[in-house]
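Nothing in this text is a laboratory measurement; each read-out follows from the coordinates by a stated rule. Predicted, not measured: the structure shown is a model, and the values here were computed from it. All Cβ positions, glycine included, derive from the backbone under ideal geometry; neighbour counts span all protein chains shown.
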Amino acid sequence: MTKTNRTILLSLLVLAGMASPAWAQAAKSELTVALSSFSAETVDPALQGHNVKYYLSLMFDYLVGTTPEGQPSQAGGLASKWESSADHKRWTFHLRRGVKFHDGTEMTSEDVKFSLQRAMGKRSTTGYAGPLRTLIADIETPAPDRVVIVTKEPTLIIPTYLSRSLSTEGIVLPKKYIETNGDDVFARKPVGTGPYKFVEQVVGSHIKMTAVDNHWRIGVPKYKNVTFRLVPEETTRIALLRRGEVDVADVSRERVKELEKEGFPIHMRKEEAIIHAWWILGPDGRTPPTNDKRVREALNLAIDRGEIAQSIFGGYAEPAAIPMGLTWAFKDVGFKVTPDMMYAYDPARAKKLLADAGLAGGFSLDVYAFQLPGFPEGKAFAEAIAGYWEKIGVKSKLIPVDYPAFRKMWVDRKAPGAVGYYNIANRDWIGAYALLEKQGYTPSKLNDTVNDPEVDGMLAQVMRQTDREKINALMRNVYTRLRSEHHGLPIVFVHSPYAASKTLGKWNPGSVMYDLFLDELARK
Amino acid sequence: MLRFVLFRLLQSLVALAILSVVVFILARATGDPLHMILPMNASAEDYANARAYLGLDRPYLQQYLSFVGRALTGDFGTSIRARRPVIELLQERLPNSLKLAAFAMGVSLAIAFPLGVMAAVRRGTGVDRAAQIVAVLGQSLPTFWVAIILVEFVAGRLQWLPAGGADGLASYVLPGFTLGWFVVAGMMRLLRSGMLEVLDSEYVKLARLKGVAERRVVWVHALKNALIPVVTFAGIYFAVLVTTAIVVETVFAWPGLGRLAYDGITSRDFPVIQAVVLVTAILVAAVNLCVDCVYALIDPRIRYAR
């Protein structure tokens, strides 16, 4: 063997030795999840909204538990039961006894009160801090295992607001630990009551957790350690999956068939989000020409939703019909989407409607094109809808921006009539109501996209109503009105695929927004 | 020499001062970070609260002076996005970037040196042409494409090397090669042309006439003198590799400075943007200063020209 050949052989042996890192060789007491985005990467629940729940749900418990299907569960939260007074203004939560934080202190009603006050505080940026500030009058702690939330108005919404099915306001935090160490220390070394303890966070890389000895909800966790790895590039996530370095990875819809062929189980979160577009309002509401109902209907009829579902979302999408209508909420309130509500692809009728509205020659329409987390197809989608509108004579101008720039135009109302869109996470009826209160209710001003007094009146009643049947009827009427007035452009519901390793076993990622219920996977 | 160093140091400080103003203005020109961190239903009051809490409600001049004053003590503020001190984020990321850049530089030196020398010695032969092809490919193939191909085939299909992360020596190979290959091209060309010039010089001819072995002539006498521009190039490129590896860091999920900068820009995280740009500038200025000093030491004409 020549000297050169020996050198090459030696190099190959060294490389082969390096090729299998420790974490690929370790026994599967580890669970590694690769995600394309960690959102804000904060581990303090008061500093972020829903989209950090993927990892926070393992470290913390919620006051009100939720099943993976999104139903309230007395077995899954720190409150083992709850009830309201006859006037629905006092909500009493009975806390589980003997639950300890990771630092060994016992969880009590004082922690619940502290956590809720913190979630509603000035510093909080959680998704529903605003509505809770408006709603809650007082928080009482008559006993260590009992907390009473007093509301200003009668309401049914409190348990859901504080549950795992919505945002992070219901997460219970350690009062003593935070008061002793301060917010900054807590944000770096969080302490909760969840089945996994925080170990390490390297921003932009990973979050590591280790199991508690025994958790009140899932017992001894199956995996000793759980690591969330931030891997923005999909090719890399899939390579990691193939190498056995990760157990779960979010993948795009276009890679699903290929991975299935290779034998990787795909867990599909059905109808995880609706792709919904809307027209930005002006300072005084809708502006011409989209203040004309016929124009709004024409723009809806011009879009071939079936083709978009196939060509842009790889067939993993279903046409949508109701502006801001969420299918998980439809089940709760008994709303049925009838065949006549579905928008047929009918460019001829769209043209006629435009002609009836005096716009036979078309008009100019700005379409903002941007990508969003979980919606990498954003720009292709914008190009597609602009293309459909061109076919009926609407001169669509695509404006590439990033989402924050669009959001500024939207909330500042600086581009009235222009089109934007969002991938709105599917959710239950209260979550759907909260969404409508954000985006369909005129008094919410900044984010309103509808500006319809009739819708406003019904939404105002939902908040005050305590009869569930009446709430259901109001919600059904809201959806009917949104559809009949064409108050938006519901396009498709998308299914979101998660690829798993071949050895992962049975897993139900559930249907709660931004939560994969990985703790259920850790249940032995 | 001291005068020369002090003058260059002063130039660097002036450049950094100007840069601090530019980055302060440009970071704010990208938009309002509150649109990223506040929920959709945030009220005007929520915006005002957050602005006050983050110190963004103060006049720009006050914000700038506060930024510069604290930066001089190594405090770059708190990340708006991650809500952690920026200096901590830099401490986590900068070593990763330095290590990756060092590895990539090692890869490029290991490839460029033999290729450059062989190409010069065997000018016009197949070896020369092959070396030129390697160089052209290194510069012309898009880095993201090379990175994706390596991840897909070497890591994903062949499973020879890790696909991502900064965990162990093996994880350096693919990102290091991707970055290093790009540098190989320039370095090899410089070395080749330097070697051609030196190999044609009188003292090399004399060495040959005196019967010095060809291997010694090439690798000792000629290479030493062809190295000066290559050292300069390597020094400058090292700083560039540390700070501009955004694509490679993204594809290989490498927690380095480039991705910190990218995340900072996309989330309007002013403190992070400012800190990364300043640290990058300091690094580049320091490397340039070192290179200038080395050059001045080697070639006295440079310091006398000053």
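A few remarks follow.
- Label-point separation in nm, A:ASN181 to A:VAL401, each point 7 Å along Cα→Cβ: 4.1 nm
- Residue of B:ASN96, B:ASN288, B:ASN49 that the Gaussian network model of chain B assigns the largest fluctuation, springs spanning Cα pairs under 10 Å: B:ASN49
- Where GluC sites (Glu not before Pro) in DSSP loops with at most 16 other Cβ within 10 Å are excluded, longest remaining stretch of chain A: A:263-484
- With the largest listed first and rounded to whole Å, the semi-axes of the equivalent ellipsoid of the stretch B:111-175 from the Cα gyration tensor are 30, 13, 10.
- Under 15 Å, Cβ to Cβ, from B:ALA130 - net charge with Lys/Arg +1 and Asp/Glu -1: +4
- Tilt relative to chain B, helix B:126-140 - C-alpha long axis, 0 to 90 degrees, to 10: 10 degrees
- Neighbouring Cβ atoms from other chains, within 10 Å of the Cβ of residues in A:240-246, number 5 on average.
- Rounded FRET efficiency, nearest 0.05, which uses the C-beta distance separating B:ASN225 from B:THR125 and R0 of 25 Å: 0.60
- The mean sequence separation of alpha-carbon pairs under 8 Å and at least six residues apart, normalised by the residue count of chain A, gives a relative contact order of 20 percent.
- Mean Cα-pair separation over length for the stretch B:50-143, i.e. relative contact order, pairs under 8 Å, 6 or more apart, %: 10 percent
- R0 of 22 Å, Cβ-Cβ distance B:ALA44-A:LYS152: FRET efficiency to nearest 0.05: 0.55
- Loop sites in the stretch A:120-218: trypsin sites (Lys or Arg not before Pro), DSSP, at most 11 other Cβ within 10 Å: A:LYS152
- Under 16 Å from the Cα of A:LYS81 - aspartates and glutamates, other chains or at least 8 residues apart: A:ASP61, A:ASP145
- Counting only DSSP H runs of at least 4 residues, each contributing -39500 (n - 2.57), and dividing by the residue count of chain B, the helix-based mean residue ellipticity at 222 nm comes to -24000 deg cm²/dmol.
- Debye intensity ratio in log₁₀ form over the Cα atoms of the protein assembly as shown, taken at each q of 0.07, 0.09, 0.10 Å⁻¹: -0.62, -0.97, -1.15
- The stretch A:108-253 - percent relative contact order, Cα under 8 Å, separation 6 or more: 14 percent
- With Cα atoms, 0 to 90° folded angle of helix B:257-266 axis to chain B main axis: 40 degrees
- Share, in percent, of DSSP beta bridges within the protein assembly as shown that are antiparallel, nearest 5: 80 percent
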